[in-house]
Each structure stands twice: as C-alpha cells, then as structure tokens.
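Scroll down for the structure; my scribbles are underneath it.
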Amino acid sequence: MSIEASQGSLFLEELDRKWAEHNKALQMIRDILMYMDRTFIPSTHKTPVHELGLNLWRDNIVHTMKIQMRLKDTLLELVQRERGGEVINRGLMRNVVKMLMDLGSSVYQEDFEKPFLVVSADFYRGESQLFIECCDCGEYLKKAEKRLNEEIERVSHYLDAKSEVKITNVVEKEMIESQMNRLVHMENSGLINMLMDDKYEDLGRMYNLFRRVPNGLSLIRDVMTSHIREMGKQLVTDPERLKDPVDFVQRLLDVRDKHDKIINLAFNNDKMFQNALNSSFEYFINLNSRSPEFMSLFVDDKLRKGLKGVSEEDVEIVLDKVMMLFRYLQEKDIFEKYYKQHLAKRLLSNKSVSEDAERSLILKLKTECGYQFTSKLEGMFTDMKTSDDTMKGFYAAMGHELGDGPTLGVHVLTTGSWPTQSTTTCNLPSEILNVCCKFKAYYLGTHSGRRLTWQTNMGSADIKATFGRGQKHELNVSTYQMCVLMLFNNRDGLSYREIEQATEIPSLDLKRCLQSLACARGKNVLRKEPMSKDIGEDDTFFFNDKFASKFYKVKIGTVVAQKESEPEKQETRQKVEEDRKPQIEAAIVRIMKARRVLDHNNIVAEVTKQLQLRFLPNPVVIKKRIESLIEREFLERDKEDRKLYRYLA
C-alpha cells in the first residue's frame with residue numbers, strides 16, 4: 001500500500017491524498033445508491049452507504065497495525081516540533097485531524113486526543129520545572145500566558161473545538177496550579193514585591209492566570225491581605241509616625257489609594273479584593289486608639305488651610321476619602337467628640353477655608369450615621385448665624401451709648417451644642433467689662449429666661465500697641481493674652497504671681513499664654529527674666545520696647561499642643577465613656593420593650609448590633625448598665641433562670 005510505503009513527512013500527505021480520493025469515490029457511490037439509502041436501508045435497519053465507507057476506511061486503513069501507531073506518533077511529533085518553534089504544515093494537520101473526527105468522535109479521542117493530552121502534560125510539567133528554576137515570577141507568568149495562548153490558537157487552527165477546555169486545563173494544572181504557591185511567595189519578585197513596586201501589568205497577568213485554577217484568587221487575596229495588615233500595623237504603631245497626625249492620616253490615604261488603584265487596574269475591580277482591602281483597613285486602623293483624634297486633626301488641617309485655592313471637585317474628593325477612613329472606625333463617637341472641638345475652634349476664630357466644605361462634610365456624616373450624630377454640629381452653624389444677627393441688633397440699639405469704646409463681637413453659644421468647659425471667667429480690663437455688661441443687659445432684655453456665662457477661654461482680640469521709637473502694630477491675640485497685655489499699660493514690669501492675681505486666669509492657661517507672649521521668636525512682645533523656654537512662678541515679665549516686626553498686623557498664637565496630652569486624652573476618653581452609658585441603656589430598654597423577655601447573650605448581641613454604627617460597646621459595660629437598669633426597676637431577673645431578664649412596663 002502506498003500509504004505504508006511513504007517515508008517521513010510524505011506519510012501524512014499520502015494519507016491525506018488517499019483519504020480525499022476515498023471521499024470522492026464514496027460520494028459517487030452514495031449518489032448512485034441514493035434511492036436505496038432513502039428507502040431500503042431505513043426499513044431493514046442496515047448501515048447507510050456513507051457510514052459503511054467510513055467504517056471500511058477506519059478498519060482497513062487507519063486501524064491497521066502499521067498505520068495506527070505511526071499516525072499517532074507523527075501527529076504528536078509535529079505538535080511537539082511546533083511547540084519548539086518550528087513552522088509545520090497546519091493545513092495538512094487540519095485535514096488529517098478532521099479525517100479522524102469524521103471517522104467518529106471516539107476515533108479522534110482514542111487515536112489522538114488522549115495521547116496528545118498525556119504527552120502535553122509531561123511536556124508542560126517538565127517545562128514548568130525548568131522555568132521556575134531560572135525565571136523570576138513576572139517572566140514565568142509571561143511564559144505561562146504565552147503557552148496558554150499558543151494552545152488556544154492551536155485548537156482554533158487544527159484541533160476539535162471541544163479539545164480547547166481539555167488542553168487549557170492541562171496547561172493550567174501543570175504550569176499554574178502546581179507552581180502557584182512558589183510563584184506567589186517567590187523571593188524578590190513574588191506577589192508582595194509586585195504590590196510594593198506597583199507592577200500593574202504583572203499583577204493583572206497573575207490575576208488572569210490564577211483565576212483559571214481552583215483557589216488561585218483566594219491565594220492572592222490571602223497573601224495580599226496579610227501583607228496590607230502587616231504594613232498597616234507597622235504604620236499605626238510606629239512611634240515616629242504618631243508625632244505628626246496629619247502625615248499619619250495622609251499615609252493611610254496613600255496606602256488606600258495605592259491598593260485601590262491595583263485592584264482597579266490589575267484585579268478587574270474584583271469585589272473579593274475590595275472586601276479584603278476594607279477588612280484589612282478596619283483591622284489596623286482600630287489598633288491605634290488615637291485614630292479618631294488624628295482623623296479629626298487631619299480634617300481640621302485641611303479645612304483650615306489645606307484646601308485653600310482647591311477646586312470644589314477636589315475638595316469633595318478629599319472629603320470622600322476622609323469618609324472612607326471614617327467608615328472603618330469602630331469608635332465613631334470619639335471622632336465626633338474631637339471633631340466638635342476642632343470645628344468650634346475653626347468657627348470661633350473664623351479660620352475655616354470654606355463653609356460649603358464644612359457643611360458638605362457634616363452632610364456626609366449625617367448620611368453615614370444619622371441625624372443624631374450631626375444635630376449638635378448643625379446647631380453650631382445656626383448659633384453662628386444667630387450671633388451675627390444679634391450683634392447687628394445690639395449695635396443698632398446701643399451704638400450711640402458705646403461711643404469710641406472697644407468694638408465687641410459676641411458669639412452666643414447654646415450649651416450642649418458646643419464643647420464648652422465650665423471655667424471661671426477671668427478678670428477682664430475695665431474698658432472691655434463695660435461693653436460686656438451693656439451687651440449682657442441688651443441680650444437678657446430681648447431673650448427672657450436665659451443665662452449668659454462668658455467663655456473667656458474661647459475668645460480672641462485685636463489690640464493696638466506702640467513700641468520703642470513710636471513703632472505701631474496691631475496684635476491679634478486670645479482674650480487671656482489681651483488681659484495680660486492690658487496690665488502693662490500702667491506698669492513696665494510684673495511678676496508671674498502679680499499677673500495671676502490680677503487676671504485670675506487658670507494656672508495652666510496662664511503659663512501657656514505667657515510662654516507665647518515672651519518666648520516665641522518674632523512674637524515676643526514681652527520679655528522675661530530669667531530668660532528660658534519654660535514659665536516659672538518666680539519669673540518677672542517686662543514690656544519689650546525693642547519688639548520689631550516687618551508686618552503691621554502680628555498674630556500671636558497660644559502655645560498649644562496639636563495632639564492632646566496624656567491627661568487630656570484620659571479626660572476625653574472618660575467623657576466619651578460617660579456619654580456612652582445612656583446610649584447603651586436606651587438600646588437595652590428599646591430591645592427589651594420589643595422582646596419582653598431575653599437572655600443575657602442575646603441582649604449583648606442585639607445592643608452591639610444597634611450601636612456599632614457609633615461605637616463598639618464593651619460587653620462588661622453592657623452588663624453594668626443592665627445591673628443599673630435592674631436597680632432602677634426597668635428590668636428584673638427571672639426567678640428560675642438568673643440569665644434571663646424581663647422587661648417591667
């Protein structure tokens with residue numbers, strides 16, 4: 001037979017030629033016997049002519065001992081040569097493979113597909129071992145992707161379309177699944193290095209290849225999560241980072257932006273990775289109890305000066321980023337406490353860069369946490385507006401009586417809305433006291449049933465001063481600083497104790513106030529003896545005749561720590577704990593009113609669920625509040641089961 005006799009590459013050509021001749025002859029016979037095919041064969045259940053011709057070719061040609069093995073080996077060898085980079089006759093391959101498919105799917109599968117998959121698995125197993133030893137992770141992934149695409153292309157050119165899933169499974173198993181752990185953890189080039197170096201292309205390739213194998217994406221997610229958590233943990237616990245709260249929050253935002261971009265560009269915005277990123281941030285932001293305070297300081301910095309000259313769209317972007325971090329906080333009520341303090345200072349000193357930005361953030365907080373969270377903050381804005389109207393009314397009614405005296409600006413703050421402290425009012429200079437008394441009389445005359453308490457610790461003043469050689473300046477100072485400076489109108493020098501006695505300013509505030517007046521370079525309108533950075537009770541202060549500044553207006557800030565000191569922090573924490581008690585009790589009563597009878601564990605779970613939008617209540621505190629409600633006869637314990645509580649109407 002000429003097929004058996006043909007040598008080398010001519011073997012397939014001869015087989016293809018003879019197969020074409022056989023098909024042609026078969027077609028002619030089928031046409032001649034068409035009537036028999038249509039009538040006799042169906043009624044007698046015989047094999048149709050065309051099928052009979054294919055069976056004869058299969059049994060007498062393809063399945064003969066000499067041809068069957070040779071055909072399989074030749075086809076596999078050609079595939080192997082093509083994988084090695086040689087160019088083969090794809091048209092001939094397509095014809096021969098199609099012949100096997102025409103002879104029946106079982107012939108194609110048994111004679112070619114099964115051995116093809118076995119040989120391919122061995123080939124890719126060996127190649128993956130070779131690549132993993134000599135390539136870095138990025139190079140390996142490129143080679144794996146190239147091989148995968150080659151196999152998909154090979155199927156489209158000359159294999160059965162159903163083979164695509166099978167051969168891609170082989171490549172995925174041998175080149176990706178078997179090596180994925182080693183690839184992800186590869187030193188100097190694995191997943192963590194890709195994340196740190198922003199290798200979007202390599203990360204995208206890893207994502208697309210790993211998603212093809214079981215648990216591939218889970219592996220990427222788990223390694224990424226532990227990396228972000230570790231990095232975040234170092235960031236929030238590093239003592240150096242805690243020195244600058246604004247930088248601390250900016251770094252958190254940078255980490256978030258970096259990984260958001262990776263998930264967006266490389267991981268197809270996959271929800272699984274978004275959730276992993278969110279849970280990582282929630283984990284490490286709450287490791288640092290000062291995160292709420294630092295976040296409020298960051299907002300304060302941005303709304304004071306950080307957003308000057310920035311477009312509205314960019315302001316919104318910054319505020320949205322802050323809100324994103326805010327959502328991760330478990331102690332949102334602590335943020336509220338600090339935010340209220342910082343907002344009060346911005347409003348009272350008129351330092352806010354944009355009222356629209358302030359209101360926008362409050363609206364975002366309201367959307368996130370509900371009306372109760374922001375009602376007092378909104379009340380602060382209302383007070384500012386009302387105060388402006390009150391001052392216009394005061395000057396319209398009393399202006400003629402005031403003459404050339406000092407101009408007074410008063411902000412009337414509603415107790416409860418503002419973070420006011422019950423401090424003793426210091427002794428104001430007689431010129432100011434006179435105007436204050438007139439305002440108080442006017443205000444109480446127009447508003448019945450109200451009480452006014454002066455919060456001198458929160459005020460500011462502009463005073464004109466004349467120094468040596470007739471040099472004049474306008475000093476912008478706090479109310480406390482004004483009270484101190486006005487004493488030097490009548491005296492050149494005063495001791496610390498004399499100042500304290502004359503002003504009655506609390507000791508800590510007075511020391512801060514004198515420090516800023518006598519020790520700040522370029523702002524030292526007073527000088528002190530002995531000269532030192534700290535204020536001692538035996539110090540003496542003198543009016544500094546030699547003070548000079550190139551500016552007419554000089555702002556003298558009070559020396560104040562940006563972050564709270566440890567005692568202040570404890571005090572704020574204590575206030576927050578006190579504020580939480582009624583909220584926990586209200587939640588318990590709401591739940592018990594609805595459920596009537598409930599066991600201890602379920603109450604704790606329900607209270608936690610209700611309050612988690614504001615803070616995460618401590619189970620020990622919940623237990624104490626339950627005890628308190630039992631004492632006040634809101635609840636009672638069940639007489640038989642001590643863990644069961646009943647609601648008393």
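Only the coordinates and a few stated rules stand behind these numbers; no lab work does. The shown structure was predicted, so the numbers you read here are calculated from the model rather than taken from an experiment. Neighbour counts run over all protein chains shown; Cβ positions are idealised from the backbone, glycine included.
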> When only Cα pairs under 8 Å and 6 or more residues apart are kept, what is the percent relative contact order across the chain?
Replying inline: 7 percent
> Alpha carbon centre of the stretch 347-378 versus the stretch 127-142: separation in Å?
Replying inline: 55 Å
>> I need to check one value: relative contact order of the stretch 214-382, counting alpha carbon pairs closer than 8 Å and at least 6 residues apart, in percent.
In response: 22 percent
> Packing-wise, with mean Cβ within 10 Å as the measure, how do 315-324, 165-174 rank, highest first?
Replying inline: 165-174, 315-324
>> Using a 7 Å offset from the Cα along the Cα-to-Cβ direction at both ARG469 and ASP244, what is the distance between the two label points in nm, to one decimal?
In response: 3.8 nm
>> As a test of the definition: which semi-axes, in Å, follow for the stretch 171-244 when you take the square root of five times each eigenvalue of its alpha carbon gyration tensor? Largest first, please.
In response: 29, 12, 10
> How are the C-alpha pair distances of the chain spread across 20 Å bins, as whole percents from the shortest bin up?
Replying inline: 13, 28, 23, 16, 12, 6, 1
> How high is the FRET efficiency between LYS624 and LYS392 when r is their beta carbon distance and R₀ equals 41 Å, given to the nearest 0.05?
Replying inline: 0.20
> Going from the alpha-carbon gyration tensor of the stretch 566-647, what semi-axes, largest first and in whole Å, does one get by taking the root of 5 times each eigenvalue?
Replying inline: 26, 13, 10
>> Modelling each spin label as a point 7 Å along the Cα-to-Cβ direction, I'd like the LYS261/LYS440 distance in nm, to one decimal.
In response: 5.9 nm
> Counting pairs of alpha carbon atoms under 8 Å apart in space and at least six apart in sequence, what relative contact order in percent does the stretch 1-122 give?
Replying inline: 25 percent
> Say R0 is 45 Å: what FRET efficiency, to the nearest 0.05, do GLU633 and THR453 get from their beta-carbon distance?
Replying inline: 0.75
> Which of the GluC sites (Glu not before Pro) across the stretch 204-295 are loop residues per DSSP, with 11 or fewer other Cβ within 10 Å?
Replying inline: GLU240
>> No solvent, one uniform scatterer per C-alpha: report log10 I(q)/I(0) for the stretch 333-390 via the Debye equation at q = 0.18, 0.21, 0.24, 0.25 1/Å, two decimals.
In response: -0.61, -0.83, -1.06, -1.14
>> Between SER218 and ASP59, what is the label-point separation in nm under the 7 Å Cα-to-beta-carbon projection?
In response: 5.2 nm
>> Taking each pair of distinct Cα atoms in the stretch 495-649 once, what is the resulting Kirkwood hydrodynamic radius in Å?
In response: 20.3 Å
>> Over the Cα atoms of the stretch 251-343, what radius of gyration and what Dmax do you get, in Å?
In response: 14.3, 42
